1. Ranked highest first by average number of other Cβ atoms within 10 Å, how do 71-84, 105-118 line up?
2. Residues of segment 117-145 with amide nitrogen under 11 Å from the 7 Å Cα-to-Cβ point of residue 58?
3. Dividing the alpha-carbon Rg of segment 9-56 by 2.2 N^0.38 Å yields what?
4. Would you please state which residues of segment 59-75 a label at residue 126 would reach in this model, taking the label point 7 Å out along Cα→Cβ and a backbone N cut-off of under 16 Å?
5. Quote the convex hull volume per residue of the chain, based on C-alpha atoms, as a whole number of Å³.
6. To the nearest Å, what is the center-to-center distance of segment 1-55 and segment 102-158, using C-alpha atoms only?
7. How much of the DSSP bridge set in the chain is antiparallel, in percent, rounded to the nearest 5?
8. Compute the relative contact order of the chain as a whole-number percentage, counting only Cα pairs closer than 8 Å that sit 6 or more residues apart in sequence.
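Read the figures in this text as sums done on the coordinates, not as results from a lab. All values reported here derive from a predicted model rather than from experimental measurement. Using ideal geometry, Cβ is built from the backbone for each residue, glycine included, and neighbour counts are taken over all protein chains shown.
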């Protein structure tokens, strides 16, 4: 009788240990494998909806934070931080230094005035018309994806 009780006790202990180990392994390994499979399936969809920025970028939009001579200090979005943040945090920004060349054009697009054909008038501005806080799009002849200092051939502002 004593052996039967001992056998039943060891059987119950083995079942409990087996259940706990099975639950642990199933939840950790199963979760890891499931997450990996879901990430692989979703990465293609995310890539379609939010494609990675091009390796060669010739224009960037930003806010003028300082003007020093012919150099505009711009706060721009970091091109490496292009996916939406699920926690609601803002996209990372970085400072870029855009130097106006002698032939650089500064253009104001007035979207408040649209003609019958849907065209908006443009006005050429002077460098002195640029102010800290202006939102601009700057264009360069060089690849500026990773450059912090670059020459600008055109600055465009849009009036809303």
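1. Values: 71-84: 15.4, 105-118: 11.4.
The packing order, highest mean first, is 71-84, 105-118.
2. Those under the cut-off are 139-144.
3. Taking the Cα Rg and dividing by 2.2 N^0.38 Å, one obtains 2.11.
4. Backbone N within reach: 69-70.
5. Value for the chain: 200 Å³ per residue.
6. Each part reduced to its Cα centre gives a spacing of 55 Å.
7. Details: 26 of 36 bridges.
If I count the DSSP bridges inside the chain, around 70 percent turn out antiparallel.
8. Averaging sequence separation for qualifying contacts and normalising by length gives 23 percent for the chain.
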